[in-house]
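For reference, the structure is listed below as structure tokens.
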Amino acid sequence: MALSKLQKNRATKSYRKHEKDTGSAEYQIALFTEKIKKLSAHLKKNPKDKHSRRGLLQMVQQRKKLLQHLSRKNEETYIKVTKGLGLKS
């Protein structure tokens, strides 16, 4: 259920700071969002997959921590990322 290299590039292209960026909060939030979407679709088809559900909850929690960090450090970027990914209405 891992994302392919092409899927990662599409999901994070607009949030990278530079070509080799893999550690910025914006990049990680975009990547977690894509993984969460894919895993949610998997769990709709396989509702008894408890191990994947646990992984999903961990990803959601990690993304939440990164969003909190980003909102404290740079409010403008936080708003841009959340609107771009459709996380806040």
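Would you pick out the residues in the stretch 2-35 that are within 17 Å of TYR78 (Cβ to Cβ), of a type in the set (S, T, N, Q) and part of a helix (DSSP H, G or I)? Selection gives THR12, SER14, GLN28, THR33. Residues of the stretch 32-89 that are at pLDDT below 95 and touching a Lys or Arg at 6+ places or on another chain (Cβ under 6 Å): none at all. Go through the stretch 19-32 and count every residue that is under 9 Å from the mean Cα position of the chain (by Cα) and without any contact (Cβ under 8 Å) to a residue 24 or more places away in the chain. Final tally of qualifying residues: 1. Please verify whether LYS35 is out of contact with any Phe, Trp or Tyr (no Cβ under 8 Å at 6 or more places or on another chain), without any contact (Cβ under 8 Å) to a residue 12 or more places away in the chain and of a type outside the set (Val, Ile, Thr), treating the condition exactly as stated. Answer is no for this residue. Per the listing ARG54, ARG16, the residue uniquely free of Cβ contacts under 8 Å to residues at least 12 places away in the same chain and exposed (fewer than 15 other Cβ atoms within 10 Å of the Cβ) is ARG54. A single member of GLU76, GLU26, GLU34 is exposed (fewer than 14 other Cβ atoms within 10 Å of the Cβ) and either aromatic (Phe, Trp, Tyr) or at negative phi (or both), and it is GLU76.
The values are calculated or read from the model by the stated rules, or taken from the named source; none is laboratory data. All of these numbers come straight from a predicted model, not from anything done at the bench. Neighbour counts run over all protein chains shown; Cβ positions are idealised from the backbone, glycine included.
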